[in-house]
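One structure is given here, and the rest of the page talks about it.
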Amino acid sequence: MKGPVATRLRIPYVIAHAGEAVPQRLRFVRRPLGGLRLAYDDPRRGDEAYGVLRVRVRGTRQGAPQWRMLNTLRQWRCMERHLCQVCGEPATDPASGRIPWIMTDTAFRELPDDPTGGLTSAPPTCEACIPEALATCPQLHISSAVCTAARSEPAAVLADMFTPGPNGRAVHTGEHNVEISLKDETLLPYALATQLVVQVHDLRPAPHPVG
């Protein structure tokens, strides 16, 4: 009789952990040129990135993994530095200079003016980690395409939306994961960014590495 086989899944670098959540004490303040913007009660350097307030999280990787959530700091770091979402190491292929990416229907959107690119909120995955990601991530079993990109740049954020309440307090509107362009000066002041979205260019199909 065969006994159960114990397997230990590696927790991807980008996944959030329960011990990393912190209270988000938010309010609206006046902007120098008029209008309101979202801010923390105790502003700190680095709260904003690309003109939008970013959710505060710890980077300790302590506590139970929250498999459906990404740590904002690590996701942002992966997107800006082209780090692998699984191992956290550089994902760019040193030989070709291209960046491997696993694209899914839920995290990739085509753009009409960019036939070989699009927008994605999913970080890159290095070639060495692609087989593991494809084998263990349920979402990738539904829809996935392994590609390489020539380059990427920040283009938008996914954000929770807030509106001014009594005494300037910030009231959540109930909207989550709203995609907002970094050029949208109307919505960005009311947004709390949770993920960075990049535009990838010159996407090309890549063979699935053999694990």
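The values are calculated or read from the model by the stated rules, or taken from the named source; none is laboratory data. Just so it is clear, the model here is predicted, and its values are computed rather than measured. Please note: Cβ atoms are built from the backbone with ideal geometry, for glycine as well, and neighbour counts cover all protein chains shown.
On inspection, R54 passes the criterion of being over 27 Å from A135 (Cβ atoms), within 15 Å of the chain's Cα centre (by Cα) and crowded, with 17+ Cβ neighbours inside 10 Å. When the strands (runs of 3 or more DSSP E) confined to segment 1-99 are screened for residues that are of a type in the set (F, W, Y), modelled with pLDDT under 95 and under 28 Å from T186 (Cβ atoms), none reaches at least 2 such residues.
Each residue in segment 158-174 was checked for being surrounded by 12 or more Cβ atoms within 10 Å (Cβ to Cβ) and over 17 Å from the mean Cα position of the chain (by Cα), and 10 pass.
Rundown of residues vs (1) in a strand (DSSP E or B); (2) under 22 Å from G117 (Cβ atoms); (3) at pLDDT below 95, yes/no style:
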site	(1), (2), (3)
Q139	no, yes, yes
V146	yes, yes, yes
A156	yes, yes, no
M161	yes, no, no
I180	yes, yes, no
V198	yes, yes, no
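The condition of being loosely packed, with under 14 Cβ neighbours inside 10 Å and either among the small types (G, A, S) or under 27 Å from L38 (Cβ atoms) (or both) does not hold for A128. Given the residues S96, S121, which is the only one that is surrounded by fewer than 12 Cβ atoms within 10 Å (Cβ to Cβ) and under 30 Å from V146 (Cβ atoms)? When all the criteria are applied, what remains is S96. Are any residues in segment 175-203 more than 19 Å from T72 (Cα to Cα) and surrounded by fewer than 22 Cβ atoms within 10 Å (Cβ to Cβ), and if so, which ones? K183, D184, E185, T186, L187, H201, D202 - these are the residues of segment 175-203 that are more than 19 Å from T72 (Cα to Cα) and surrounded by fewer than 22 Cβ atoms within 10 Å (Cβ to Cβ).
Per-residue answers, yes or no, for (1) touching a His at 6+ places or on another chain (Cβ under 7 Å); (2) surrounded by fewer than 13 Cβ atoms within 10 Å (Cβ to Cβ); (3) free of Cβ contacts under 8 Å to residues at least 12 places away in the same chain; (4) farther than 25 Å from V178 by Cβ:
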position: P23; (1), (2), (3), (4): no, yes, yes, no
position: L26; (1), (2), (3), (4): no, no, no, no
position: G35; (1), (2), (3), (4): no, yes, no, no
position: L38; (1), (2), (3), (4): no, no, no, no
position: P43; (1), (2), (3), (4): no, yes, yes, no
position: Q66; (1), (2), (3), (4): yes, no, no, no
position: R74; (1), (2), (3), (4): no, no, no, no
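Exactly one residue out of A155, A95, A107, A122 is free of Cβ contacts under 8 Å to residues at least 24 places away in the same chain, under 16 Å from the mean Cα position of the chain (by Cα) and more than 24 Å from P23 (Cα to Cα): that is A107.
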